[in-house]
């Protein structure tokens, strides 16, 4: 049958990353889609993009359409965890707990390694 | 299922019904270690985060609704729609008033009817009661009258004498025209 008009039972609108790009070169589009759609399939609206690999200046570039984001969140869209983390880092939403926890763990590990290094060397 | 060291999830090349490889026979799968204090801290942070997120969502929801309402108001023919709406509301109000009047009329009539019925019922009841009482009174009077002609222990002898002194003859014949004939062979 025709794949243009697909109906689902249940499901909800999600704001998540759709992976594009090539092998070993990802590129994410921040997209509002139904939760039951394929990851890279038909979406409702594109709300931005993210390049996860750092550019020549060492920056990871992302673009966001905050106006439409507000609209979709007002219509009751859910967020996937990576999208939440990105928006937390951008400042639109509060920081995600796991970002803070990850930073703490990294700091602790670096401190431990720093302690272990002079002990060995 | 609770993943113990025995159950291993198969993925990729093998289906779920293929047995695990021999090299993995002694594999003990344990979940990542959890630091309880860190867990407590993380739970608290998640709670706060979700609180803020909920508040933000409510904010955005209100915004969207406001925009929708504004768009509805500032339509091209909003004045005409408003007028139409008001006209229809007025007509509805009129209809309601009319129906209310009719309903009240009907209720009033029914109430009247009920009251009349009750009165009539009470009247008939009273009349029946009175008739009954009168009947009973008549009975009582009749009995009182008859009691004067009863035979008691005192009258017994006198009455017996009386009966014996006045013999009564009940023999009579009657023909088809209704004439009574008292003359018999016995008398």
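Computed from Cα positions, the angle between helix B:78-148 and the longest principal axis of chain B comes to roughly 30 degrees. Net length available on complete extension from residue B:73 to residue B:117 is 10.0 nm, with 0.36 nm assigned per residue and the Cα-Cα distance removed.
Cα-Cα pairs above 18 Å in the range A:13-116: how many percent? In whole percent, the long-distance tail amounts to 55.
Comparing mean-square fluctuations of B:98, B:159, B:127 from a GNM of chain B with C-alpha springs under 10 Å, the top value falls on B:159. At what distance in nm do the modelled label points of residue A:92 and residue B:138 sit from each other, each positioned 7 Å from its Cα along Cα→Cβ? Going from the residue A:92 label point to the residue B:138 one covers 10.4 nm. Under 1.5 on a/c is rounded, so check that first for the range B:36-126, then, if it is not, pick prolate when a/b is larger than b/c and oblate when it is not; a ≥ b ≥ c are the square roots of the alpha carbon gyration tensor eigenvalues. It is oblate, given that a/c is not under 1.5 and a/b is not larger than b/c. Compute log10 of I(q)/I(0) for the protein assembly as shown with the Debye formula, placing one identical point scatterer on every Cα and leaving out solvent, at q = 0.07, 0.09, 0.14 Å⁻¹, to two decimals. Those come out to -0.67, -0.90, -1.40, one per q.
Shape class for the range B:89-187: oblate, because the ratio a/c of the largest to smallest gyration tensor axis (alpha-carbon atoms, square roots of eigenvalues) is 1.5 or more and b/c is at least a/b.
Which residue, B:15, B:124, B:152, tops the fluctuation ranking in a GNM of chain B built on C-alpha contacts under 10 Å? Per the Cα network of chain B with a 10 Å cutoff, B:15 tops the list.
Looking at chain B as a GNM with Cα springs under 10 Å, which of B:58, B:158, B:97 has the largest mean-square fluctuation? Answer for the Gaussian network model of chain B: B:158.
Using all pairs of distinct alpha-carbon atoms, the Kirkwood hydrodynamic radius of the range B:129-187 works out to 15.7 angstrom.
Could you tell me which of rounded, prolate or oblate describes chain B, using a ≥ b ≥ c as the square roots of the eigenvalues of the alpha-carbon gyration tensor, with rounded for a/c under 1.5 and, failing that, prolate when a/b is larger than b/c and oblate otherwise? Cα axes put chain B in the prolate bin.
Laboratory data are not the source of any read-out in this text; all were calculated from the coordinates shown. It should be emphasised that the depicted structure is a prediction, and the values quoted were computed from it without experimental measurement. Backbone-built Cβ (ideal geometry, glycine too); neighbour counts: all protein chains shown.
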